[in-house]
Amino acid sequence: MKFGGTSVATLPRWKKIKELAASRRNQGARLLIVVSALSGITDALWQLSLEKNKSKRMASVGKIDARHRALLADMGVEHTTLLDTHINALCTLAESGPSQRGELVWQAQLLAHGELLSSSLGAAFLTRLGLPTQWLDARDCLSAVTLPDHNERVRLLSAIVDTRFDQTLDKRLCNLGDVLITQGFIACGNNGQTVLLGRGGSDTSASYFGALLKAIRVEIWTDVAGMFTANPRQVPGARLLRKLDYEEAQEIATTGAKVLHPRCLSPLREPRVPLLIQDTRRPELEGTLIGPQVHAHATSVKAISARNGITLVSMESVGMWKQVGFLADVFEYFRRHGLSVDLIGSAETNVTVSLDSNENLLNSNALAALGSDLAKVCRVKVIAPCAAITLVGRGMRSMLHRLSGVLAEFDQLRVHLISQSSNNLNLTFVVDEDVVDGLIPRLHELLITSGALRADDSALFGASWESVYGEDKADVSKAWWHKPAARSRLLALGMEVTPRYVYHLPTVRAQARTLKTLTVVDRLHYAVKANTHPAILHALAEEGFALECVSPGELDRATAVVPDDVPLLFTPNFASREDLKRGLASRATLTLDALYPVAHWSELFRGREIVLRVDLGRGLGHHEKVRTGGNGSKFGLPIEHIDNFLHHADTHDIVVRGLHAHLGSGVLDPNHWGEVYGQLASLAERIGSITFLNIGGGLGVPSHPGEAPLDIEALDKVLREVKMAYPHYHLWMEPGRYLVADAGVLLTRVTQIKGKGAWRYLGVDTGMNSLLRPALYGAWHEIVNLSRLEEEADGLFQIVGPICENGDVLGSDRRLPEPQEGDVMLIAQVGAYGKVMSSSYNLRGDTEEVVLKN
Ligand code: LLP
């Protein structure tokens, strides 16, 4: 068990170590505890080693001594000879300075004292708490090997240890006791001197010991539960990786994750010793297990990472074509300037390679010198700063077909290099550094929605980072249903009948009024597909909204509910001839988005005014399935068919009065509608007969914790700017979700709880039959236990329904209070595309709807 600097710095943390060690001991294991120095001590020793002034060095030793003695006092240990011995040795070293021994030898000895001291404290404390613990000097066990290319600095400060299984060591340790504590980071050099193991050295020590002893397991106890599918700082929804094989873990550690030093995996591979990463503060979290065991699973991308600070060197030469030895010549220059190459792409006349700044400690001198050398044999271009985005997963080449959505994201970007590792474990894209921050969260989401990262495989993927560590999620306290009066009404409704949708009309009206502040929009239509409840149509008509319908059924509902003077739009897609006839027979304005109807059924439209929906060539929205533009989407007339369409219209006396585009749903960037508006306006200029432009709906609401709402003022500003350029067109919009999403909640009751391995399923009395969005889009909806809103949310649950589909999951990895059968659960933000998308699957019956007028 290895514990890092923060894990050994305070008394509470040491108590945790005691608990963990005792629990392993109770399982019958013999233990070797490997510790780092107290946090900050290695740095202090490093500073000390640079200090020329002896009395300042002695003062630093004084501080280090005091820090350890204070912790010792906290621990309730009066005195330990070991600590005294090491402090005295440290004093002597500080006093003498580097003179007699050589600077690096002295530095290594000095720095080793961080671990010598912390392990001395640990031995005393654990023993005092009743876990007899023997102190062991790591230098008696780990012997460094010297490789031919190792200079003195590497030999002394970044040494490598021989890890062939050593039976005598095992025996020796066995004789010492069942619980031993030793130091990370240090080993014995071939002359018997102290050497260090470099960056990440304590993890590496633990691995060396694990390999030498053929341990049951190496456990790395740190500040985070393990490796995640992406850097949680960039992607809060990143999922814990529960199991990895050595090679995958190595790739992830090398290309991004900082939790484990890449160096500490290779010693464990051959003896097949598993390594477990866990969080010292939260030992109940399962962690990441790295081992030889996991090939049986279906292939999946495991992680996406980004490394900044990449420099590309592109070498172009016509002369290299089929020229023997060209690469050898070129790489010789890299070697000469001490630059190690990471990725390589080659063509007949070009070789491009990447240099990793971390490994190379790039300085512009080395690069400039390389450049002038290379210029002798080819044309050189240095491209920087770049970032390498890497997808990691065993069997990458067999997953390519699932990556189309991911690849599409690179559409607008300059991709400088693509490299697929020959071990089939990674696929890397090198792009400009400044695009990475926004890109990684999107790519992570796309990997999940496309099924390339099989987040539903609970054997491989655990909880999301935000569900485990996130600050308390979405700010739900402002929601209408959170107010005490609403809560008690909802509770009463939930106790009566579930499942049940409840809609809050004041919220619908408030959203409508916000949209009415858009000064240049001449007509707002409510896209009734989002929620066709008559009370909602009625309220919105009262607020001055027109309605947009997509089927004869919606038209019937609209005409039945709202007064005759409320304008209607009919915007069907792939509608039959019959549907179109019915639309034309109503008072709705018809929108067409295909050639076929005007080419084959032209007599239907003769003498009529219609709207033409165009495809602007791209889609947008919260999920691939709701993006309604581009060749992958069935909506809209491609721009190149417009002339043909107009020709048919002309021939049959059909007037195209309006232009329409709707690129997708759940958009939060106000600039989007400005772009659509501008594009439609410039098309309209060409057509001539157009009097209005409908720039669609798609206005999003924040649907994930931390997402910022659509800025309506900014939208107004964007639209005003376009209006100035094209003042002669009327402007229409047709939002759905924005008006109704937050107004609706779904009430459902807890039926039972089931544990399965580390997972806990919370069953409720409805599922994807009532609310399809989580299953269809992986949509995230806030879920709360309304019966226990004030209780501590300390359990982690998968909220599932009763439908016979494995995808019948309403929410994954949710922190909730301990539930009881019959509790009323509330699923939020389901006013849009909730009930309207429900089904009678499994004959589960209809979900009722209740409207709250105030
Ligand atoms: N106009 C047209 C032509 C549309 O197709 C849609 C939505 C809208 C307007 C309204 O979009 P909104 O403002 O509501 O985003 N079921 C998906 C959404 C599908 C949207 C379909 N079309 C979901 O639950 O997210």
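Quick note: the coordinates plus some simple rules give every number you see, no bench work behind them. Note that this is a predicted model, so its numbers are computed, not measured. Cβ sites come from the backbone with ideal geometry, for glycine too, and all protein chains shown count toward neighbours.
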Mind checking the alpha-carbon convex hull of the stretch 676-746 and giving the volume per residue in Å³? 101 Å³
Quotient of Cα radius of gyration and Kirkwood radius for the stretch 704-854, i.e. Rg/Rh, equals 1.10
Could you tell me the center-to-center distance, by alpha carbons, between the stretch 215-234 and the stretch 521-571 in angstrom? 53 Å
Can you report the principal axis dimensions of the stretch 653-779 using only the alpha carbons, biggest first, rounded to whole angstrom? 65, 37, 25
Net charge of neighbours whose Cβ lies under 11 Å from the Cβ of LEU72, counting Lys and Arg as +1 and Asp and Glu as -1: -1
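Please get the size of the charge dipole for the stretch 249-311, origin at its Cα centre, with Cβ charges of +1 on Lys and Arg and -1 on Asp and Glu, quoted in debye to the nearest 20. Please report the intermediate quantities before stating the final value.
Numbers: 8 positive and 5 negative charges, 37 e Å.
That gives the stretch 249-311 a dipole magnitude of about 180 debye.
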How far apart, in nm, are two points set 7 Å out from the Cα along the Cα-to-Cβ line at GLN752 and at LYS214? 4.6 nm
Mark the label point 7 Å from the Cα of ARG335 along Cα→Cβ and return the residues of the stretch 132-171 whose backbone N is within less than 16 Å of it. 148-150
Cα extents of the chain along the three principal axes, largest first (Å): 102, 77, 51
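Kindly rank 729-736, 312-319 from highest to lowest mean number of other beta carbons found within 10 Å of each residue.
Numbers: 729-736: 22.2, 312-319: 16.9.
Result, highest mean Cβ count within 10 Å first: 729-736, 312-319.
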Given the rule -39500 (n - 2.57) for each run of at least 4 DSSP H residues, summed and divided by the residues of the chain, what is its mean residue ellipticity at 222 nm, to the nearest 500 deg cm²/dmol? -10500 deg cm²/dmol
So if I restrict to the alpha-carbon atoms in the stretch 10-68, what is the Rg, and what is Dmax, the biggest pairwise distance, in Å? 16.7, 52
Principal axis extents for the stretch 171-272, Cα atoms only, whole Å, descending order, please. 47, 27, 25
Put +1 on the Cβ of every Lys and Arg and -1 on every Asp and Glu Cβ in the chain; which of ALA368, TRP601, GLY291 then has its Cα farthest towards the positive end of the dipole? GLY291
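Of all the Cα-Cα pairs you can form in the stretch 371-469, what percent are over 17 Å apart?
Values: 2973 of 4851 pairs.
Roughly 61 percent, rounded to a whole number.
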Here the stretch 383-397 yields Karplus 3J(HN,Hα) values (6.51, -1.76, 1.60; θ = phi - 60°; whole Hz; Gly and Pro given as x) of 10, 7, x, 10, 10, 9, 9, 10, 9, 10, x, 5, x, 3, 5
Choose one of ALA328, ILE440, GLY338: the residue whose Cα lies farthest towards the positive end of the charge dipole of the stretch 313-454 (beta-carbon charges +1 Lys, Arg; -1 Asp, Glu; about the Cα centre). ALA328
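For the stretch 417-555, just say rounded, prolate or oblate: build the C-alpha gyration tensor, square-root its eigenvalues into a ≥ b ≥ c, call rounded for a/c under 1.5, and beyond that prolate if a/b exceeds b/c, oblate if not.
On the way: a/c = 2.36, a/b = 1.66, b/c = 1.42.
Prolate.
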Integer Hz, Karplus 6.51/-1.76/1.60 couplings in order for the stretch 77-94, x for Gly and Pro: 9, 6, 7, 9, 4, 4, 4, 4, 4, 6, 5, 4, 5, 5, 4, 4, 4, 5
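Among 180-186, 244-250, 454-460, 791-797, how do they line up from the highest to the lowest mean number of other beta-carbon atoms within 10 Å? Could the numbers behind the result be given before it?
Details: 180-186: 26.6, 244-250: 22.3, 454-460: 17.4, 791-797: 15.3.
Descending mean neighbour count gives 180-186, 244-250, 454-460, 791-797.
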Relative to the longest principal axis of the C-alpha atoms of the chain, give the angle of the C-alpha long axis of helix 436-449, reported between 0 and 90° and rounded to the nearest 10°. 70 degrees
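How much space per residue, in cubic angstrom, does the convex hull of the C-alpha atoms of the stretch 202-334 take up? Don't jump to the answer; show the numbers that get you there.
On the way: hull volume 25.2 nm³, N = 133.
Considering the Cα atoms of the stretch 202-334, their hull volume per residue is 190 Å³.
Return the subset of LYS529/LYS625; LYS15/LYS754; LYS478/LYS717; LYS529/LYS581 for which the Cα-Cα distance in this structure is over 22 Å, preserving the input order. Can you show the working numbers first?
Working: LYS529/LYS625 16 Å; LYS15/LYS754 32 Å; LYS478/LYS717 27 Å; LYS529/LYS581 20 Å.
Pairs exceeding the cut-off: LYS15/LYS754; LYS478/LYS717.
Return an integer: the convex hull volume of the alpha-carbon atoms of the stretch 1-158, in Å³ per residue.
Numbers: hull volume 18.7 nm³, N = 158.
Each residue corresponds to 118 Å³ of Cα convex hull volume.
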Return the percentage of antiparallel bridges among DSSP beta bridges fully within the chain, rounded to the nearest 5 %. 55 percent
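Could you compute how fast the stretch 225-275 diffuses translationally, taking Rh as the Kirkwood radius over C-alpha pairs and applying Stokes-Einstein at 25 °C with viscosity 0.890 mPa s? Give it in µm² per second.
Values: Rh = 11.4 Å.
My calculation gives 215 µm²/s for D.
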Among 741-749, 609-617, 574-582, how do they line up by average Cβ neighbours within 10 Å per residue, starting with the highest? 741-749, 609-617, 574-582
